Amino acid sequence: MPTARPHPHPHGRRAAPPPPDLHRINANAAGIDIGAASHHVAVPPGRDPDGCDVRAFGAFTADLYVLAEWLTRCGIQTVAMESTGVYWIPLFELLSARGFEVRLVDPRQLKRVPGRKTDVLDCQWIQQLHTFGLLAAAFRPDDQICVLRSYLRQRAMLVTYAAQHIQHMQKALELMNLKLAHVVSDIAGRTGLAIIRAILDGQRDPRALATLRDPHCKADAATIARALEGSWRAEHLFELRQAVELLEFYQKQIAACDREIEAQLTRFADKPGAPPVADAARRRKARRTALSFDARQHLHRLTGVDLTRIDGIDAPTALTVVGEIGLDMTRWPTEKHFASWLGLAPGSHLSGGKQRSSRTKPSSSRAAAALRLAASSLYHSHSALGAFHRRLKARLGAPKAITATAHKLACLIYRMLRFGTDYVDRGQDYYERRYQGRVVSNLMRRAQELGYTLTMNHSPATPSPAAP
């Protein structure tokens, strides 16, 4: 049966009352300390008919309903809870469906609890902080985006598992001294899988295996045949067979996940007044892990803009970012707030009037990781973003250049989603001319301050409007 245990106050006395001069922002607030097997809940003093302000509830579904009923009887309107693992999600969804204003709190805001560390003190501390409006809510998108995000995260996990089995295939081939990975770019590609399946079917002749190469394969048949001379030990063939079967299984699971993602995207409402999507400006080579449907069309229908026009952003990256941040960009007042939330903005550690550190804050955001990966792909891009990335990499190094370029990508995405603006690349020549103009202007100003006149052999480049 559902249980709700009244919990005695620690040390045999009630928690110390807060100072009377503090203004109560949320008078009807409760605090919940989340656990795997039980949840401890604290309400304002005097709300419980039995005089017990802290109760412990089980984590079963029936116990959660009892918890919600008790909060209703106590007149609670808003609840704060700590985001502990995934244990908070069922209770968060249940209380939200019951009409409570639920605030999810970053655990870093609650790590300093006065006194001894107990579950009772934790929930009371959360309740007091929330009562006085001292807790900031963590970001959580609307339910429709949460569903899409769950499918996308599941797909990313399946892709990771599939990649591990490709490594197992390569290990089994190396153990038999078959250097297939040295002559084809991808052993899980068309040529690699055709040869591996023929090996598992019993073919051992290197020349016959080499004839299975795709016409677009760069290595010729003679080179591939030399790479396929090795031992054919039974235990390694067994390992190779199981790795291939597991890879095929995960590929089927990824395809099923793609169908669910596409079905969820079709449930979103169209962006009103969105113009027809233009043809792709850049043709990218399809990756093995690419989506099996046209995500670009769906994203344009939902957002009204084409995020893939930004250099470095392809459809899977744009879908990952949208799945993590949602479509409502008004939650961040400016693009600087958005970049700071992603963990892509410089930190501000000031002490004694001096900047001690400008390191970015640690972040596990999947959107930020996707933008960093997109930024790292811009090194060879003939675009303004590519020129920006190369200049910073030469001056600051790769890590800082990737973070700064990812910050610029985040700002571009914010402007496009918030204001519906289009992205137009001016090219690397435009960026270099503009950068040269800034350098010359700074030199002229510095020379004038020192009482010198700067003479140029040719006219400087005319600065242009701000580049993206």
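The values are calculated or read from the model by the stated rules, or taken from the named source; none is laboratory data. All figures in this text were calculated on a predicted structure; none of them were measured in a lab. Cβ: placed from backbone, ideal geometry, glycine included. Neighbour counts: every protein chain shown. These accessible areas exclude ligands, DNA and RNA; they are computed on the full protein's heavy atoms, side chains included. Shrake-Rupley method; radii C 1.70, N 1.55, O 1.52, S 1.80 Å.
With the requirement that a residue be touching a residue at least 60 places away in the same chain (Cβ under 8 Å) and either part of a helix (DSSP H, G or I) or among the hydrophobic types (A, V, I, L, M, F, W, C) (or both), what does the stretch 169-208 give you? Working first, answer last.
As a first pass, look at the stretch 169-208 and keep what is touching a residue at least 60 places away in the same chain (Cβ under 8 Å): 169, 171-173, 175-176, 186, 188-189.
Across the stretch 169-208, the qualifying residues are Met169, Lys171, Ala172, Leu173, Leu175, Met176, Ala188.
Does at least one position in the stretch 122-142 carry a residue that is in contact with a Phe, Trp or Tyr (Cβ under 9 Å, 6 or more places away or on another chain), buried (at least 17 other Cβ atoms within 10 Å of the Cβ) and part of a helix (DSSP H, G or I)?
no
For the stretch 405-440, which positions are farther than 29 Å from Val277 by Cα and open to solvent by 10 Å² or more (accessible area, probe 1.4 Å)?
Our first condition is that a residue be farther than 29 Å from Val277 by Cα; within the stretch 405-440, this holds for 432-440.
Passing the criteria: Glu432, Arg433, Arg434, Tyr435, Gln436, Arg438, Val439, Val440.
Residues to consider are Ala56, Ala68, Ala30; find the one that is closer than 20 Å to Asp119 by Cα, in a helix (DSSP H, G or I) and open to solvent by less than 10 Å² (accessible area, probe 1.4 Å).
Values: Ala56 fails: in a helix (DSSP H, G or I); Ala30 fails: in a helix (DSSP H, G or I).
Of Ala56, Ala68, Ala30, the one residue that is closer than 20 Å to Asp119 by Cα, in a helix (DSSP H, G or I) and open to solvent by less than 10 Å² (accessible area, probe 1.4 Å) is Ala68.
So, of the residues in the stretch 78-110 that are closer than 18 Å to Gln124 by Cβ and open to solvent by 50 Å² or more (accessible area, probe 1.4 Å), which turns out to be modelled with the highest pLDDT?
The selected residue is Arg103.
Within the stretch 385-404, count every residue that is open to solvent by 20 Å² or more (accessible area, probe 1.4 Å) and small (Gly, Ala, Ser).
So the answer is 4.
Which fully enclosed helices (runs of 4 or more DSSP H) of the stretch 349-466 have 1 or more residues being at pLDDT 80 or above, among the small types (Gly, Ala, Ser) and farther than 25 Å from Ile325 by Cα?
Values: elements: 366-376, 384-396, 398-419, 428-449.
Helices (runs of 4 or more DSSP H) meeting the threshold: 384-396, 398-419, 428-449.
If we keep just the residues of the stretch 23-48 that are within 30 Å of the chain's Cα centre (by Cα) and aliphatic (A, V, I, L, M), which is nearest to Gln124 (Cα to Cα)?
Ile32
I need the full set of residues from the stretch 295-331 which are among the β-branched types (Val, Ile, Thr) and either open to solvent by 10 Å² or more (accessible area, probe 1.4 Å) or over 19 Å from Ala369 (Cα atoms) (or both), in order please.
Residues of the stretch 295-331 that are among the β-branched types (Val, Ile, Thr), as a first pass: 303, 305, 308, 310, 313, 317, 320-322, 325, 330.
Matches in the stretch 295-331: Thr303, Val305, Thr308, Thr317, Thr320, Thr330.
Here are Met169, Met176, Met157: which of them is loosely packed, with under 15 Cβ neighbours inside 10 Å, over 30 Å from Pro44 (Cβ atoms) and among the hydrophobic types (A, V, I, L, M, F, W, C)?
Working: Met169 fails: loosely packed, with under 15 Cβ neighbours inside 10 Å; Met176 fails: loosely packed, with under 15 Cβ neighbours inside 10 Å.
Step by step, each of Met169, Met176, Met157 is checked, and only Met157 is loosely packed, with under 15 Cβ neighbours inside 10 Å, over 30 Å from Pro44 (Cβ atoms) and among the hydrophobic types (A, V, I, L, M, F, W, C).
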